[in-house]
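Encoded as structure tokens, the structure appears first; notes follow it.
Derivation of every value follows stated rules applied to the coordinates shown; laboratory data play no part. Since this is a predicted model, take the numbers as computed values, not measurements. Heads up, the Cβs are rebuilt from the backbone with ideal geometry, glycines too, and the neighbour counts pull from every protein chain shown.
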Amino acid sequence: MDTISLLTLASALVATLFGLLVAILSWMGNKVYEKLSEMARLVTLIKEDLHGQISGIDRRVTYLEINCNKKEEK
């Protein structure tokens, strides 16, 4: 094989490997993005649950404070 044929073959090989590398990196990036999206959904669910629990605790504390104040007034 002459030099031009080897150069053409080598450049085709480099281009193919570069395309394969880009495909693998984009696949990995997509998987990471899916996991991050799933984690964001879970954090939102946890946030909503915690807000509900904190509101419930706040209502109970308020109820106790009102009842303690009523007993002190008597």
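Observations
- Listed residue (Ala12, Ala23, Tyr33) projecting farthest to the positive dipole end of the chain, Cβ model: Tyr33
- (i) 4.5; (ii) 6.5; (iii) 5.1, with the label sought being that of the calculated mean projected area of the Cα convex hull in nm²: (ii)
- Net charge dipole size for the chain [Lys, Arg +1 and Asp, Glu -1 on Cβ; Debye, nearest 20]: 380
- The length gained on full extension between Glu38 and Asn67, counted as 0.36 nm times the residue separation minus their Cα-Cα distance, comes to 6.0 nm.
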